[in-house]
Amino acid sequence: KPELRDWALGEILVAEARAGLRAEAMETAGRIGDPRLIIVALRDIAEAQAASGRSEEALAAVDIIPDPAKRADALAAIASIQMRRGDADHARATANRLLQVLTTVPDALARVSFQTRVAVILARAGEAPAAADILAKAEAFARARVDAGNRGVALRHVANALAEMEQLPQAMTVLSDVTDESNRTPVLITTATQQARAGDAAAALATADTIEAVRYRAVVLGRIAVAQAEKGDVDAADGTLKMALAAIDKIKFPFARSYALSRVALSMAGIGKLPKAKSKSSALFNEAVDMADRIDDNRLRAPALWSIAAEQARAGDEAGAKFSRERAEQATAEIKSTLTQVWMFSEIATEHAVVGENDAGWSAFNQGLQVALRIDNAWGRARAFGKLAATLVELVDPGKGIPAKTW
């Protein structure tokens, strides 16, 4: 089917672009029949080139994208990648280029979203006054020009950007004008996370307590616990983890509960590897594995167990890591989709490569390769090898285009 072929070609062109084969990637894009997927392909090419440090080539690919909103979205993604690579100068230039494109974006809500993304990028690039000015204009535009039905979403973007920029009182002031809980929750998550990172655990816990969605509250409590442990207060972290577990017990829906379990288990393992938690390390890792075993969805259970095993290896607990890897292998075998397995191993390989764990990265890659070799469906096989090709480039030259971990 043409649409399946187009999808597979999209995976292949990302690998080509990541490897610096721009001409080949553009030729592959030309073989895609669906115009919508061509636009997506151009963005993928641009992002892959940015991740490889080829900023000029990335921007050249963006210039071909005909839709202004899609072009703006690609520029925002490129600027974020440049910041992760530590290339603040190019990130500033790309962000300013995005501001110029915004005048051609017709949708008011989209313009606010892009303005707030630019503000965060500029703030991280050391342009705090410019970022503050853009956010002030974005807020005024949201209040005056965005229709009432979307105004809460627009103000959420502004508040979340303020929270990401650690302007927490201002973020909460803007948030006070947002009533819909689904729009309030992302800002509260960001705020609590920033408070925890800044060492204000009491404020972070108070903010987390206002999150009505229990699964997100549990995840945030896990993040706060990690921050407490990193600051040296392991006993407080233990108490916060207990609060997270109590919150998980209140979650009704299976997938939501599985998601929360996976995140809190990873937080627990992240604490277990810390030197300050050495005396409790074994108990934390064992509980993390037990939590992961309670995850109903294999697609969440398997990567959680692989990640716990990696944390145990970093802590020097090779016996524990071996046990967790065996559990991870069992959970992986229970994932019905071989393509999902390939994707999982590719992501694991990339995460290891970014932090310099070459042996672990190649091991995960080879596991994904063995799964791909068993795929006899042409479409699935093409997509799997396209993904693995892109992963192979990242193993050789990981750069900093993909964050190793976000929490």
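The values are calculated or read from the model by the stated rules, or taken from the named source; none is laboratory data. All values reported here derive from a predicted model rather than from experimental measurement. Here Cβ is always computed from backbone atoms with ideal geometry, including for glycine, and neighbour counts include all displayed protein chains.
Just a few scattered comments:
- Region 290-319: number of residues that are more than 23 Å from the chain's Cα centre (by Cα), over 19 Å from VAL226 (Cβ atoms) and buried (at least 19 other Cβ atoms within 10 Å of the Cβ): 0
- All helices (runs of 4 or more DSSP H) inside region 229-297 with 2 or more residues being under 14 Å from ARG217 (Cβ atoms) and free of Cβ contacts under 8 Å to residues at least 40 places away in the same chain: 234-248
- Entirely in region 11-113, the helices (runs of 4 or more DSSP H) that have 3 or more residues that are without any contact (Cβ under 8 Å) to a residue 40 or more places away in the chain, surrounded by fewer than 19 Cβ atoms within 10 Å (Cβ to Cβ) and of a type outside the set (Ser, Thr, Tyr): 22-30, 35-51, 55-63, 88-102
- Restricting attention to region 354-391, the residues that are part of a loop (DSSP other than H, G, I, E, B) and over 23 Å from ALA328 (Cβ atoms) add up to 2.
- In region 154-174, the residue that is nearest to VAL112 (Cα to Cα) out of those that are surrounded by fewer than 23 Cβ atoms within 10 Å (Cβ to Cβ) and of a type in the set (D, E, K, R) is GLU164.
- Matching residues, region 349-388, being surrounded by fewer than 18 Cβ atoms within 10 Å (Cβ to Cβ) and in contact with a Ser or Thr (Cβ under 8 Å, 6 or more places away or on another chain): ARG374, GLY380
- LYS252 meets all of the listed conditions (1) basic (Lys, Arg); (2) buried (at least 17 other Cβ atoms within 10 Å of the Cβ); (3) at pLDDT below 95 but one, namely (2).
- Checking VAL178 against (1) out of contact with any Gly (no Cβ under 7 Å at 6 or more places or on another chain); (2) surrounded by 14 or more Cβ atoms within 10 Å (Cβ to Cβ), the condition it does not meet: (1)
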